[in-house]
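**Student:** There's a structure below that I have some questions on.
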Amino acid sequence: MYIEGRWYVDSPLDEQGKEIIPWRFMQGVIFECEKPLTLPLYRRGRALDYTGLDAIVVNSRFVSVCERLGIQDEVQFIPARIEEHPEPYFVLNPLRIIKCIDEARCEEVRFWEPRHEEPLRVGHYRNVVGMKVDPEKIGDASIFRPWGWQGTLIVSERVKQAIEDEGLLGPKFMEV
């Protein structure tokens, strides 16, 4: 989401200062760490309640919304420090991945093929445009990533409404 003068947070660093590949937060598994992660700023500016370039970063207001909704078991909030910002921040690690993309209703779906010379990816999504999901496959999930297209975070209408009611700055919603 474009917000003039906003900050941009870079990839998280572990306690030794080594970059953590953001893909680690897209696998739907608990991330183990003993100390808070460090989040350098790529560009200084206005702090957001929710931001996600490489990893999704949220503040305690976002965590509170999840707790009020009773969905904190669907995500892991990994403590993090952002330079020049003493308040607590967290890397959001969604713990649910659901195979729910409704390929027939999407504008375009392309798959990895043997000709792409990426054998481990063959049969997986290569591109999804105008993503639509099958609500029957989602069940009662409130916050999750779609299988095969984990760079996307999906929230229920109830979560979206709570975020908007709280006035959190940063998230952009698109109906899927």
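The values are calculated or read from the model by the stated rules, or taken from the named source; none is laboratory data. Worth saying up front: this structure is predicted, and the values here are computed from it rather than measured. Every residue, glycine among them, receives a Cβ derived from its backbone with ideal geometry; neighbour counts consider all protein chains shown. Areas reflect the complete protein model, heavy atoms only, side chains present, ligands, DNA and RNA absent. Shrake-Rupley method; radii C 1.70, N 1.55, O 1.52, S 1.80 Å.
**Student:** Among the residues of segment 87-97 satisfying the criterion of being open to solvent by 20 Å² or more (accessible area, probe 1.4 Å) and assigned to a strand (DSSP E or B), which is modelled with the lowest pLDDT? Give the derivation first.
**Tutor:** From segment 87-97, those open to solvent by 20 Å² or more (accessible area, probe 1.4 Å) are 87-88, 90, 95-97; that's our starting set.
The next check asks that each one be assigned to a strand (DSSP E or B); those that pass are 87-88, 90, 97.
Working: Glu87: 92, Pro88: 95, Phe90: 97, Ile97: 97.
Taking the candidates together, the pick is Glu87.
**Student:** Within segment 71-86, is there a residue that is open to solvent by 40 Å² or more (accessible area, probe 1.4 Å) and either closer than 14 Å to Leu153 by Cα or in a helix (DSSP H, G or I) (or both)?
**Tutor:** Taking every residue of segment 71-86 in turn, at least one turns out to be open to solvent by 40 Å² or more (accessible area, probe 1.4 Å) and either closer than 14 Å to Leu153 by Cα or in a helix (DSSP H, G or I) (or both).
**Student:** Quick one: how many residues across segment 103-154 are surrounded by 12 or more Cβ atoms within 10 Å (Cβ to Cβ), within 20 Å of the chain's Cα centre (by Cα) and part of a loop (DSSP other than H, G, I, E, B)?
**Tutor:** Count: 12.
**Student:** If you don't mind, another one. For segment 96-123, what are the residues that are under 29 Å from Gln72 (Cα atoms) and without any contact (Cβ under 8 Å) to a residue 60 or more places away in the chain? Talk me through it step by step, then tell me what you get.
**Tutor:** Initial filter on segment 96-123 (under 29 Å from Gln72 (Cα atoms)): 96-102.
Those that are under 29 Å from Gln72 (Cα atoms) and without any contact (Cβ under 8 Å) to a residue 60 or more places away in the chain: Ile98, Lys99, Cys100, Ile101, Asp102.
**Student:** Mind listing whichever residues of segment 155-176 are of a type in the set (A, V, I, L, M, F, W, C) and in a loop (DSSP other than H, G, I, E, B)?
**Tutor:** Leu168, Leu169, Phe173, Met174, Val176
**Student:** Residues that are of a type in the set (A, V, I, L, M) and either modelled with pLDDT of 90 or more or buried (at least 16 other Cβ atoms within 10 Å of the Cβ) (or both): find the strands (runs of 3 or more DSSP E) completely inside segment 1-65 holding 3 or more of those.
**Tutor:** In segment 1-65, 56-59 are the strands (runs of 3 or more DSSP E) which contain 3 or more residues that are of a type in the set (A, V, I, L, M) and either modelled with pLDDT of 90 or more or buried (at least 16 other Cβ atoms within 10 Å of the Cβ) (or both).
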